[in-house]
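> First, the structure itself, so that you have it in front of you.
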Amino acid sequence: MSATTQQRPAAGPDAEEFLTQLRTFVGQQATPVRYAQDAVNPAMIRHFVEAMGDENPVYTDETAARSTGRSGIVAPPPMLSSWLMVGYKAHTAAAEHGAPDSPMTRLLNLLGDAGYVGVVATNDEQEYVRELRIGDRLKMTAVIEDVSPRKVTGLGAGHFITTLRTYTDADDQVVARQRFRILRFDPTVTKSSGQPAAADPGLRHRPFVMRDNQFWFDAARERRLVIQTCSDCGQLRHPPGPSCPQCGSFAWHETAAAGRGTVHSYVTSHHPKAPGYDYPLTVLLVDLEEGTRLVADYSGDPETVRVGLPVEVDWLDYGGDVTLPRFRNREEQS
Amino acid sequence: MTGTTGRTAAAVSVGDALPELAIPLTRSLIVAGALATRDYENVHHDPQGAIDRGTPDVYMSINNTNGLVGRFVTDWTGPGAFITKLSTRLGVPNFPGDTMTLAGEVVGKQDNLIEISVRGTNGAGSHVVSQVSVRLPDTAAPDTAAPDTTAPDSAAPDNAAEATR
């Protein structure tokens, strides 16, 4: 798998293969059993409640805690995972030299290599069997429960990873369970447009590729705009077809187009909205300099389009193995 | 009168609203919250590190958000409550300079177990939606309550802080 984001699989057979690879991790123990570095203690509780502005006296005041029927002060339940964090030393070592090998590390690296470099927690379901008391020594086991198909979010496209963590005390009694979901995402999907909510072209309909038009889509993938040309009479034609509409010849070759043209007509669509497109969506019918016409998206502001506008080809990666031409306003070129 | 343990199950009904709480999202809070939960991911303290990983600035960690939600709920229930479940779904991140307003409502009640739906909204939209289950005491003060003579001393500073919020 290449590390370039352009080749990340977005849809189609590549994406399915990638997802299958990701899902081999489901059911595996995410990381080795982790033991708390320190027992539940008043100092860490104080750091936590002060940061949160939490004045509940059962976390800091023995007398107040007992007056509620507790045996003494308890830890704030939402502090659960704090007791099992690896600490600054191990964290920075992992950041510098890579995390210790584990199924979770391998899964995250697999995604990172495919361009999904961002990470953010999205869901956290915690169930507390009992409150944690001073002196409790916890350990945690974590199992990878699910890896989602590729989803597009406001932060970028990515995969959700769900782990199920079980917290036990020194007597091996379960004190809490936690279902934790993170998103490993590719921020470049949204960065290119500068808009966090920009649509992911990976969601668009895929072109219908068959034997007669495959050469054209193959060239587009290499960012080359070509025109089918009759080898007998020299007539250019688009869209591609098996025989020349002028002389009927089946012989043809490609001619490279300069990629410049003028707007013959256009339409700006506001509704209904199809996934993968930003709206309003302007679609052009472009008269290429070579003489054929081409339907393609307009990459400029819909307000600037007009019949006769000079345009120039631009390219848009849909992800996976699809790249298609679109056109930008040539008047705005510096 | 809620007593030293706070609200009892009998005093709570479905539809009860929790008073809103506005939390200024300072850079200091975001960093303090991350460190207090031992979360050293650079996205919670290093602006350039956050940019490199795809967000415009540092943002609040989920454990920090959970801590604030827990506080918001027990501020209202009082110390007699036991949180039994906390289920959080995050939306738009909490970035520095913004304000998050927490609002909540009792959405379920079975005996002394109540469910509270909490919503945290910042300038960009919905940051968090949490469902919190809480077990409330049946009576205001259990038999094991501490003698009243010690209560005023220890409770005074807390009450003073409560009044200024």
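> Could you pull out the residue among A:Val174, A:Val147 that is in contact (Cβ under 8 Å) with a residue 24 or more places away in the chain and crowded, with 18+ Cβ neighbours inside 10 Å?
A:Val147
> Still on this structure: So, of the residues in the stretch A:101-127 that are in a helix (DSSP H, G or I) and among the charged types (D, E, K, R), which turns out to be nearest to the other protein chains (Cβ to nearest Cβ)? Talk me through it step by step, then tell me what you get.
Taking the stretch A:101-127 and keeping what is in a helix (DSSP H, G or I), we get A:103-113.
Subset that is among the charged types (D, E, K, R): A:106, A:113.
Values: A:Arg106: 19, A:Asp113: 15 Å.
The selected residue is A:Asp113.
> Then there is this: When the residues of the stretch B:35-62 are narrowed to those that are facing another protein chain (nearest Cβ under 9 Å) and assigned to a helix (DSSP H, G or I), which ends up nearest to the chain's Cα centre (by Cα)?
Residues of the stretch B:35-62 facing another protein chain (nearest Cβ under 9 Å): B:35-43, B:52-56, B:59, B:61-62.
Filter once more, keeping what is assigned to a helix (DSSP H, G or I): B:35-36, B:42-43, B:52, B:62.
Numbers: B:Leu35: 18, B:Ala36: 15, B:Asn42: 24, B:Val43: 22, B:Asp52: 31, B:Ile62: 12 Å.
Once the filter is applied, the top-ranked residue is B:Ile62.
> Also: What number of residues in the stretch A:300-314 are in a strand (DSSP E or B), surrounded by fewer than 18 Cβ atoms within 10 Å (Cβ to Cβ) and either aromatic (Phe, Trp, Tyr) or within 31 Å of the chain's Cα centre (by Cα) (or both)?
2
> Here are A:Ala121, A:Ala157: which of them is surrounded by 21 or more Cβ atoms within 10 Å (Cβ to Cβ) and either within 24 Å of B:His127 (Cβ to Cβ) or at pLDDT 95 or above (or both)? Even if it seems obvious, please write down each step before you answer.
Working: A:Ala121 fails: surrounded by 21 or more Cβ atoms within 10 Å (Cβ to Cβ).
Sole residue among the options that is surrounded by 21 or more Cβ atoms within 10 Å (Cβ to Cβ) and either within 24 Å of B:His127 (Cβ to Cβ) or at pLDDT 95 or above (or both): A:Ala157.
> Evaluate the stretch B:77-84: report whether one residue or more is within 18 Å of A:Val86 (Cα to Cα), among the aromatic types (Phe, Trp, Tyr) and facing another protein chain (nearest Cβ under 7 Å).
The answer is no, given that none of the residues of the stretch B:77-84 is within 18 Å of A:Val86 (Cα to Cα), among the aromatic types (Phe, Trp, Tyr) and facing another protein chain (nearest Cβ under 7 Å).
> Only one of (1) touching a Ser or Thr at 6+ places or on another chain (Cβ under 8 Å); (2) under 29 Å from A:Asp186 (Cβ atoms); (3) surrounded by fewer than 24 Cβ atoms within 10 Å (Cβ to Cβ) is not met by B:Thr4, so which one is it?
Result: B:Thr4 fails condition (2) only.
> Looking only at the stretch A:55-100, which residues are of a type in the set (Ser, Thr, Tyr), surrounded by 14 or more Cβ atoms within 10 Å (Cβ to Cβ) and facing chain B (nearest Cβ under 7 Å)?
Answer for the stretch A:55-100, where residues must be of a type in the set (Ser, Thr, Tyr), surrounded by 14 or more Cβ atoms within 10 Å (Cβ to Cβ) and facing chain B (nearest Cβ under 7 Å): A:Thr63, A:Ser67, A:Thr68, A:Ser81, A:Ser82.
> Let me ask you something else. When the stretch B:63-73 is examined, which residues are found to be touching a residue at least 40 places away in the same chain (Cβ under 8 Å) and either β-branched (Val, Ile, Thr) or facing chain A (nearest Cβ under 7 Å) (or both)?
So the first thing to find is which residues in the stretch B:63-73 are touching a residue at least 40 places away in the same chain (Cβ under 8 Å), and the list is B:65-66, B:68-70, B:72-73.
B:Thr65, B:Asn66, B:Leu68, B:Val69, B:Gly70, B:Val73, listed by residue number.
> Right, next: Among (1) surrounded by fewer than 20 Cβ atoms within 10 Å (Cβ to Cβ); (2) closer than 28 Å to A:Thr188 by Cβ, where does B:Ser28 come up short?
Status for B:Ser28: all satisfied but (2).
> State which residue is farthest from the other protein chains (Cβ to nearest Cβ) when the search covers only the stretch A:30-54 and only residues that are surrounded by 21 or more Cβ atoms within 10 Å (Cβ to Cβ) and assigned to a loop (DSSP other than H, G, I, E, B).
A:Val40
> For the condition modelled with pLDDT under 95, crowded, with 16+ Cβ neighbours inside 10 Å, under 17 Å from A:Asp200 (Cα atoms) and out of contact with any Lys or Arg (no Cβ under 6 Å at 6 or more places or on another chain), what is the one hit in A:Asp297, A:Asp317? Talk me through it step by step, then tell me what you get.
Values: A:Asp297 fails: out of contact with any Lys or Arg (no Cβ under 6 Å at 6 or more places or on another chain).
Selected residue: A:Asp317, the only one of A:Asp297, A:Asp317 that is modelled with pLDDT under 95, crowded, with 16+ Cβ neighbours inside 10 Å, under 17 Å from A:Asp200 (Cα atoms) and out of contact with any Lys or Arg (no Cβ under 6 Å at 6 or more places or on another chain).
> So, one more: Condition check: under 27 Å from B:Val12 (Cβ atoms) and either out of contact with any Cys (no Cβ under 6 Å at 6 or more places or on another chain) or modelled with pLDDT under 95 (or both). Does B:Thr26 satisfy that? Step through it out loud before you land on a result.
Details: under 27 Å from B:Val12 (Cβ atoms): no; either out of contact with any Cys (no Cβ under 6 Å at 6 or more places or on another chain) or modelled with pLDDT under 95 (or both): yes.
For B:Thr26, the condition - under 27 Å from B:Val12 (Cβ atoms) and either out of contact with any Cys (no Cβ under 6 Å at 6 or more places or on another chain) or modelled with pLDDT under 95 (or both) - is not met.
> Related question: For A:Lys273, only one of the following conditions fails: (1) surrounded by fewer than 15 Cβ atoms within 10 Å (Cβ to Cβ); (2) over 30 Å from A:Ala157 (Cβ atoms). What is its number?
(2)
> Let me ask something else. Just wondering, is there one or more residues in the stretch A:215-222 that are of a type outside the set (Gly, Ala, Ser) and in a strand (DSSP E or B)?
Scanning the stretch A:215-222, I find no residue that is of a type outside the set (Gly, Ala, Ser) and in a strand (DSSP E or B), so the answer is no.
The values are calculated or read from the model by the stated rules, or taken from the named source; none is laboratory data. Note that the structure is a prediction, hence the values are computed from the model and not measured. With ideal geometry, Cβ positions are generated from the backbone for all residues, glycine too; neighbour counts draw on all protein chains shown.
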